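Remarks on the structure that follows.
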Amino acid sequence: MVKLTRRRRKLLIQFIEYLISGGAYFWTGYLIFFVCDTYLGFSLWWAKQSANVVGWSVNFALQRYWVFHNPQLKGHLGQVTGRYIVITLIDFVMDYFIVYSLKQIGITPYIGQFISAGFFTVWNYFWYRFWVFPVRLPAPRHPAIRRSRIHR
């Protein structure tokens with residue numbers, strides 16, 4: 001049996017938590033998509049975007065406060081949220097085109113979402129871990145404090 005180092009064990013637990021919270025995002029979004037598509041008659045675009053908005057809201061809360069919980073990020077909520085929004089907007093576009101493209105070749109959007117989720121499971125883990133919720137961020141700058149350079 002392979003003995004896990006403390007660091008590897010921590011990363012494994014973090015990845016399992018990431019998968020659980022990703023599952024919460026996926027199933028919440030999948031349910032919203034189903035309701036919007038089947039009962040409300042939304043187009044694919046609006047059904048996907050409605051599902052994404054709800055799913056990614058659930059996902060942000062779980063990723064920020066559970067999976068990548070880091071006391072050092074406390075003063076960086078704006079920066080972390082901004083980074084999350086950037087990657088989420090990129091994900092919105094990519095996810096839609098993945099599901100749309102699969103639909104064009106005959107794969108139902110319900111199956112397409114599983115395929116898309118497989119891609120985003122890997123894609124987002126690395127973005128979240130190393131860019132959105134990194135272990136360290138620079139100290140926040142106070143807007144009233146101006147940094148001046150000494151000119152020689």
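The values are calculated or read from the model by the stated rules, or taken from the named source; none is laboratory data. Everything numeric in this text was worked out from a predicted model, so none of it was measured. All Cβ positions, even for glycine, are placed from backbone atoms using ideal geometry, and neighbour counts span all protein chains on display.
Odds and ends about this structure:
- Residues being in a helix (DSSP H, G or I) and surrounded by 13 or more Cβ atoms within 10 Å (Cβ to Cβ) - total across region 70-80: 4
- Members of region 53-69 found to be surrounded by fewer than 15 Cβ atoms within 10 Å (Cβ to Cβ) and not in a helix (DSSP H, G or I), listed by number: 69
- Only one of the listed residues (107, 98, 145) is outside any helix (DSSP H, G or I) and modelled with pLDDT of 95 or more. That residue is 107.
- Hits in region 28-40 - residues which are assigned to a helix (DSSP H, G or I) and either exposed (fewer than 13 other Cβ atoms within 10 Å of the Cβ) or in contact with a Ser or Thr (Cβ under 8 Å, 6 or more places away or on another chain) (or both): 32, 33, 36, 38, 39
- Residue 113 meets each of the listed conditions (1) of a type outside the set (A, V, I, L, M); (2) modelled with pLDDT of 90 or more; (3) surrounded by 11 or more Cβ atoms within 10 Å (Cβ to Cβ) apart from (2).
- Here residue 46 meets the list (1) farther than 19 Å from residue 89 by Cα; (2) surrounded by fewer than 18 Cβ atoms within 10 Å (Cβ to Cβ) almost entirely, failing just condition (1).
- Of all the residues in region 2-27, those that are loosely packed, with under 14 Cβ neighbours inside 10 Å and closer than 10 Å to residue 55 by Cβ number 1.
- Of all residue pairs spaced 6 or more apart or on separate chains, those with beta-carbon atoms under 7 Å, a first member in region 14-41 that is modelled with pLDDT of 95 or more and a second member that is assigned to a loop (DSSP other than H, G, I, E, B) and buried (at least 16 other Cβ atoms within 10 Å of the Cβ) are 36/42.
- Looking only at region 48-74, and only at residues there that are more than 16 Å from residue 86 (Cα to Cα) and charged (D, E, K, R), the one that is modelled with the highest pLDDT: 48
- Output for region 116-142, where each listed residue is exposed (fewer than 12 other Cβ atoms within 10 Å of the Cβ) and at pLDDT below 90: 135, 136, 138, 139, 141, 142
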